[in-house]
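Contents: one structure, followed by commentary.
The values are calculated or read from the model by the stated rules, or taken from the named source; none is laboratory data. Note that this is a predicted model, so its numbers are computed, not measured. Neighbour counts run over all protein chains shown; Cβ positions are idealised from the backbone, glycine included.
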Amino acid sequence: MIHRYLAPGILLAALSAFLGLTGCGSDEQAEASLTPAQFGKKASLICNRASSEGFKKAGIYVSQHAGGRAGGSEKEMFEQAGTTTFEQALRELQVLPVPSGIEPGIEAYFEEFEAALEEVRKEPLLLAAQPNPFEAARRLAKKYDLGDCGAIP
């Protein structure tokens, strides 16, 4: 008899938890009206996570290919650790709602970031160059207070 009520109760609890986590759209409304400072904080968190993830992937790659095992190369490491990580960061940044008044600057930042990624896709070792192709994107990130986005890659 208890089992008859247990399954619907578990389903209801799971659904409630899911709706609580998704916020039923309330976060979308709050995100749609971000201030430039809030946008900068969210962007900085995305870039910080991307940077950390890139270092983590690089470390894993180096440990797997230490001493020349498995034919690893610096170029391959940058492809796996850098390029894919920064592509993901750009996708995440582009879905953030941009506050009014800074759209042209943020759009320019996205364009510079994408142009730099295009160069790095062709030649991953450019990530190690100084200055590297991301220099213009970094300057824009600093100008618009995007925190850690001004430091990567």
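Of all the numbered requirements in (1) assigned to a helix (DSSP H, G or I); (2) among the β-branched types (V, I, T); (3) at pLDDT below 90, I152 misses one, and that requirement is (1). Mind listing just one residue for me: the one in region 106-122 that is among the acidic types (D, E) and under 14 Å from F86 (Cβ atoms) and, of those, farthest from the chain's Cα centre (by Cα)? Residue satisfying both the conditions and the ranking: E119.
I'm trying to understand the selection: among the residues of region 118-139, which are buried (at least 21 other Cβ atoms within 10 Å of the Cβ) and in a helix (DSSP H, G or I)? Across region 118-139, the qualifying residues are V120, L127, A137, R138. Residue-level analysis places V98 among those that are surrounded by 20 or more Cβ atoms within 10 Å (Cβ to Cβ) and modelled with pLDDT of 90 or more. Among the residues of this structure, Q130 counts as one that is more than 19 Å from the chain's Cα centre (by Cα) and polar (S, T, N, Q). Would you check if there is a residue in region 46-57 being surrounded by 16 or more Cβ atoms within 10 Å (Cβ to Cβ), in contact with a Cys (Cβ under 7 Å, 6 or more places away or on another chain) and on the phi < 0 side of the Ramachandran plot? The answer is yes; a qualifying residue exists. From the list E112, E92, E107, the lone residue that is within 30 Å of L34 (Cβ to Cβ), surrounded by 17 or more Cβ atoms within 10 Å (Cβ to Cβ) and modelled with pLDDT of 85 or more is E112.
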